[in-house]
Amino acid sequence: MVNTFQDQVIAPFLKTVEQYADNNAFCIDNVFYSYRVFAEKISAIRTVVKELDKDNINIGLVANDDIETYAAIFALWLEGKCYVPVNPDTPSERNKNVLQQAGTTVVIDSSEQPLFTGMNVIQSKKLVFSKPDLDPVKISDKSLAYIFFTSGTTGVPKGVPISRSNLAGFINAFFALDIEMDASDKCLQMFELTFDLSVMSYLAPLLRGGCVYTIPKNKIKFNYIADLLEDHQLTVALMVPSIIHYLRPYFDEVECSGMKYNMFCGEAL
């Protein structure tokens, strides 16, 4: 199998958008968004990204839990850019340090009020869709897909760059485990977009036409997950083991017979 970013990520995603345009791509705070709407959000953001100077490769991304933030990731990938996520709840000095280390001068922000001043801020919620723009630019697989930074609790945050080739290899390896996902799947995405496990949680379902269910920032995470599992009968979940610890008292109450895969990572099981 060809192991390139175009073949493993971009082409399957574009096929999904075309084949399942009216299917749900995301459920965010109990609001559903179709693949068609998702593609329109991507196109609107990409229109502005295309106007950036070619030297602007690493683009900051305020990691909000909304459709515009996820659309920004794909808009950047289609345009050959790299996203550098920052958590809006993290101290501003830490975020500024991260963006400075990444050489970032442009930030995509879906917040009502932009988090950063003195930078080129693209306010993604204010952008309006005009025409589809999903044709990818040609770029080397050695180029970066994203840069995640460590927490910095033991010092200065350190960036971990992931190339397009790295991500293509990961997706190839993930599905080589015989994990079968399709357009009927409802998949949990419980992670902050600054955390590496988020990538598998949103990307794998979107490459197979599934629907991604996220956790709003203002909710108690384990309670909200329990409701999602039962109310929406999720079929695929990747969780940290501590979630099971919190859910244990409610095992007799949670009924999720539709679950196909329940995976754990990030902590000792």
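Given the conditions (1) out of contact with any Cys (no Cβ under 8 Å at 6 or more places or on another chain); (2) touching a residue at least 60 places away in the same chain (Cβ under 8 Å); (3) among the aromatic types (Phe, Trp, Tyr), which single one is not true for Phe116?
(2)
Are there any pairs with C-beta distances below 9 angstrom linking a residue in segment 229-242 that is more than 12 Å from Met263 (Cβ to Cβ) and surrounded by fewer than 20 Cβ atoms within 10 Å (Cβ to Cβ) to a residue that is modelled with pLDDT of 95 or more and hydroxyl-bearing (Ser, Thr, Tyr), with the two at least 6 apart or on different chains, and if so which?
Here the result reads His232/Tyr213, each pair linking segment 229-242 to a residue that is modelled with pLDDT of 95 or more and hydroxyl-bearing (Ser, Thr, Tyr).
Tally time: how many residues in segment 66-100 are more than 17 Å from the chain's Cα centre (by Cα) and either of a type in the set (Val, Ile, Thr) or buried (at least 18 other Cβ atoms within 10 Å of the Cβ) (or both)?
Number of matching residues: 4.
Filter segment 103-126 down to the residues that are open to solvent by 50 Å² or more (accessible area, probe 1.4 Å) and small (Gly, Ala, Ser) and list them by number.
Residues satisfying the conditions are Gly103, Gly118.
Out of the residues in segment 121-166 meeting the condition of being in contact with a strand residue (DSSP E or B) (Cβ under 7 Å, 6 or more places away or on another chain) and among the small types (Gly, Ala, Ser), tell me which one is farthest from Arg46 (Cα to Cα).
The qualifying residue farthest from Arg46 (Cα to Cα) is Gly159.
Considering only residues that are in contact with a helix residue (DSSP H, G or I) (Cβ under 8 Å, 6 or more places away or on another chain) and not aromatic (Phe, Trp, Tyr), look in segment 215-228 and name the one that is surrounded by the most Cβ atoms within 10 Å (Cβ to Cβ). Full working, then the answer.
If we filter segment 215-228 for residues that are in contact with a helix residue (DSSP H, G or I) (Cβ under 8 Å, 6 or more places away or on another chain), which is where we start, we get 215-216, 221-222, 225-226.
Imposing the further condition that a residue be not aromatic (Phe, Trp, Tyr) reduces the set to 215-216, 221, 225-226.
On the way: Ile215: 20, Pro216: 12, Lys221: 17, Ile225: 22, Ala226: 19.
Restricting to residues being in contact with a helix residue (DSSP H, G or I) (Cβ under 8 Å, 6 or more places away or on another chain) and not aromatic (Phe, Trp, Tyr), the top hit is Ile225.
Each row is one residue, and each column tells you yes or no for (1) farther than 28 Å from Leu238 by Cβ; (2) in contact with a Lys or Arg (Cβ under 6 Å, 6 or more places away or on another chain).
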{"residue": "Thr117", "(1), (2)": "yes, no"}
{"residue": "Ala145", "(1), (2)": "no, yes"}
{"residue": "Thr150", "(1), (2)": "no, yes"}
{"residue": "Gly159", "(1), (2)": "no, no"}
{"residue": "Ala168", "(1), (2)": "no, no"}
{"residue": "Phe175", "(1), (2)": "no, no"}
{"residue": "Lys186", "(1), (2)": "no, no"}
{"residue": "Glu192", "(1), (2)": "no, no"}
{"residue": "Leu203", "(1), (2)": "no, no"}
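Can you report the number of residues in segment 1-57 which are acidic (Asp, Glu) and touching a residue at least 24 places away in the same chain (Cβ under 8 Å)?
Residues that pass the stated criteria total 3.
Kindly provide the set of residues from segment 22-46 that are open to solvent by 20 Å² or more (accessible area, probe 1.4 Å) and outside any helix (DSSP H, G or I), ordered by number.
Asp22, Asn23, Asn24, Asp29, Asn30, Val31, Phe32, Tyr33, Ser34
For residues that are hydrophobic (A, V, I, L, M, F, W, C) and part of a loop (DSSP other than H, G, I, E, B), scanning just segment 127-158, find the one that is surrounded by the fewest Cβ atoms within 10 Å (Cβ to Cβ). So that I can check it myself, show each step before the final result.
In the first step, residues of segment 127-158 are kept if they are hydrophobic (A, V, I, L, M, F, W, C); the result is 127-129, 134, 137, 139, 144-145, 147-149, 156.
Going one step further and asking which of them are part of a loop (DSSP other than H, G, I, E, B), we end up with 127-129, 134, 137, 139, 156.
Details: Leu127: 21, Val128: 7, Phe129: 15, Leu134: 16, Val137: 10, Ile139: 16, Val156: 11.
So the residue we want is Val128.
Taking segment 172-205 as the region of interest, how many residues are over 22 Å from Asp231 (Cβ atoms), within 10 Å of the chain's Cα centre (by Cα), touching a residue at least 40 places away in the same chain (Cβ under 8 Å) and open to solvent by less than 30 Å² (accessible area, probe 1.4 Å)?
Of the residues in segment 172-205, 4 are over 22 Å from Asp231 (Cβ atoms), within 10 Å of the chain's Cα centre (by Cα), touching a residue at least 40 places away in the same chain (Cβ under 8 Å) and open to solvent by less than 30 Å² (accessible area, probe 1.4 Å).
If you scan segment 48-65, which residues turn out to be open to solvent by 60 Å² or more (accessible area, probe 1.4 Å) and touching a Leu at 6+ places or on another chain (Cβ under 8 Å)? Give the derivation first.
As a first pass, look at segment 48-65 and keep what is open to solvent by 60 Å² or more (accessible area, probe 1.4 Å): 50-51, 53-55, 57.
Hit for segment 48-65 is Ile57, nothing else.
Enumerate the pairs (first residue in segment 124-151 and farther than 30 Å from Lys96 by Cβ; second residue anywhere and part of a loop (DSSP other than H, G, I, E, B)) with beta-carbon separation below 7 Å, excluding pairs fewer than 6 apart on the same chain, so at least 6 apart or on different chains.
Asp141/Thr4
The values are calculated or read from the model by the stated rules, or taken from the named source; none is laboratory data. What you see is a predicted model, and the numbers here were worked out from it, not measured in a lab. As a convention, Cβ positions derive from the backbone with ideal geometry for all residues, glycine included, and neighbour counts pool all protein chains shown. For the accessible areas, the whole protein counts, side chains as well, though only heavy atoms, and no ligand, DNA or RNA atoms are used. Shrake-Rupley method; radii C 1.70, N 1.55, O 1.52, S 1.80 Å.
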